[in-house]
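For reference, the structure is listed below as structure tokens.
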Amino acid sequence: MNSSQLASDPQVLDPHQGRNLRVTPLNANIGAIIEGVSLSDLSDDEFADLHQALLKHHVVFLRNQHLSEDDHVALAKRWGTPMANPVAQLMGDESVLHSVENTATKRPAADGFHTDLTYWPEPPNLAILCGLDIPPVGGDTLWASLYAVYDNLSDEMKRICQNLRALHKPSEHFIKSSVEVYGREAEQIIREKLKGSVMPLVRTHEETGGQALFLSSFIDQIVGMHKPESDVLLGYLSNLLENPNYQVRWRWQAGDVAIWDERCTNHRALSDHFPQYRLMRRCTVEGGRPFYRPDGAAEPTIEAAFA
């Protein structure tokens, strides 16, 4: 079974619809709306169903939740340890909640497909984003299925990608955005302390076994390739994320919550609401080192490492 069938096959990782939680898929590849539960008061059975729905649909959306900061952190802890941003930690900030605020003078900075924090060799497993103050128009978020991107490659391109590693590092755009938040001293600290990580280009999901093309805007180049060669391949692969058949788009309302699996998705926060005000709050959950394990193999053949 290929990876995108995890979303489309009703027999795979199907949550128990007989309990309170109701799941409505948004398309065959990615995304579902969850109804019938309160995220601030989940029973163990409801959480188990929610987790299975997340594994199956890769990003799930719940309306009218209005989570407090304590609720937000408590929900993240159901999956593991909430993760502080590595840049924030270097600047002395250990907070696991991160506000994403856009104003007339603070432009959106995440309008490009990416997976969070992949310049770190143990990036988060999942993220939880709350909509707090939503503009009347614009400001949607897109998610793309990295399972679907991989599954639709030719067998020969899959074989090529399975043997490749990619250098992920803070981009110039990311460094500039960090300077706007933390000040000029952040640039030197990032360049000195965050040299990046080397990740498998194809990532095996440790829970589902699915294979995903592990793309991110933090990828600098393919290890072992000349830069022009790497740019051509990464340009082709990254362009596949723009296929709307691999995407889901969410129109936010205040009180909404999105939960997504960082191991098999990219996301993109559109900037078409600027200069209107928009306020979100995010928490990520710690993950392990990404790896590639061939189908049927017992052990990984490629594992993430510091650059």
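What's the local net charge at Leu234, with K and R +1, D and E -1, over the other residues with C-beta under 11 Å away?
Net of charged neighbours comes to -2.
Taking the Cα centre as origin and putting +1 on Lys and Arg beta-carbons and -1 on Asp and Glu beta-carbons, what dipole magnitude results for the range 157-262, to the nearest 20 debye?
240
Obtain the nm distance between the two label points defined at Asn163 and Glu299 by a simple spin-label model: each point lies 7 Å from its Cα along the Cα-to-C-beta direction.
Here the modelled spin labels are 2.0 nm apart.
Work out the FRET efficiency for Leu153 and Ser271 from their Cβ-Cβ distance, taking R0 = 35 Å, and round it to the nearest 0.05.
According to the calculation, E is roughly 0.75.
Using a simple charge model, +1 on the beta-carbon of Lys and Arg, -1 on the beta-carbon of Asp and Glu, nothing else, what dipole does the chain show about its Cα centre, in debye to the nearest 20?
It comes to approximately 560 debye.
Counting only heavy atoms of protein chains, what accessible area per residue, in Å², does the chain have with a probe of 1.4 Å?
With the other protein chains kept in place, the chain gives 44 Å² per residue.
Quote the charge dipole size of the range 207-307 about the Cα centre in Debye, to the nearest 20; the model charges only the Cβ of Lys and Arg (+1) and of Asp and Glu (-1).
Dipole about the Cα centre, nearest 20: 440 debye.
In whole Hz and in residue order, list the ³J(HN,Hα) couplings for the range 78-92 that follow from phi through the Karplus curve 6.51 cos²θ - 1.76 cosθ + 1.60, θ = phi - 60°; x for Gly and Pro.
Values per residue, Gly and Pro as x: 5, 9, x, 8, x, 10, 6, 5, x, 5, 4, 4, 5, 8, x Hz.
What residue among Pro228, Asn125, Ala297 has its Cα farthest toward the positive end of the dipole of the chain, where the charges are +1 on Lys, Arg and -1 on Asp, Glu, each on the Cβ?
After comparing all options, I get Pro228.
Treat each spin label as a single point 7 Å out from the Cα along the C-beta direction, and report the Ile189 to Glu207 distance in nm.
A separation of 3.2 nm, rounded to one decimal place.
Can you grab the distance from the C-alpha centre of the range 210-255 to the C-alpha centre of the range 178-193, Å, no decimals?
26
With Cα Rg over 2.2 N^0.38 Å as the read-out, I listed (1) 0.96; (2) 1.41; (3) 1.16; which label goes with the value calculated from this structure?
For Cα Rg over 2.2 N^0.38 Å, the calculated option is (1).
Ignoring the sites themselves, what is the longest stretch of the chain with no GluC sites (Glu not before Pro) in a DSSP loop and at most 16 other beta-carbon atoms within 10 Å?
Value returned for the longest uninterrupted segment is 95-205.
At a 1.4 Å probe, what is the % contribution of carbon and sulfur to the accessible area of the chain?
That share works out to 47 percent.
Could you check the simple spin-label distance between Asp93 and Asp133, using points 7 Å along Cα→Cβ, in nm with one decimal?
Going by the 7 Å Cα→Cβ label model, 1.7 nm.
Full-extension gain between Glu35 and Met225, please, as 0.36 nm times their residue separation minus the C-alpha to C-alpha distance.
Net length gain for the segment: 63.7 nm.
What is the sum of charges around Leu279, taking Lys and Arg as +1, Asp and Glu as -1, for the other residues whose C-beta is under 9 Å from the C-beta of Leu279?
In short, 0.
Per residue of the range 171-185, in order, report the coupling 6.51 cos²θ - 1.76 cosθ + 1.60 (Karplus, θ = phi - 60°) as ³J(HN,Hα) in whole Hz, putting x for Gly and Pro.
Ordered by residue, 3J(HN,Hα) equals 7, 4, 4, 5, 4, 4, 5, 5, 4, 5, 8, 10, x, 4, 5 Hz.
Kindly report, to the nearest 10 Å², the accessible surface of Tyr292 as traced by a 1.4 Å probe over protein heavy atoms only.
The value for Tyr292 is about 10 Å².
The values are calculated or read from the model by the stated rules, or taken from the named source; none is laboratory data. Predicted model only: the values in this text are computed from it and were never measured. Because the Cβ atoms are built from the backbone with ideal geometry, glycine has one as well, and the counts that use them run over all protein chains shown. The accessibility values were calculated without ligands, DNA or RNA, using every heavy atom of the protein model including side chains. Shrake-Rupley method; radii C 1.70, N 1.55, O 1.52, S 1.80 Å.
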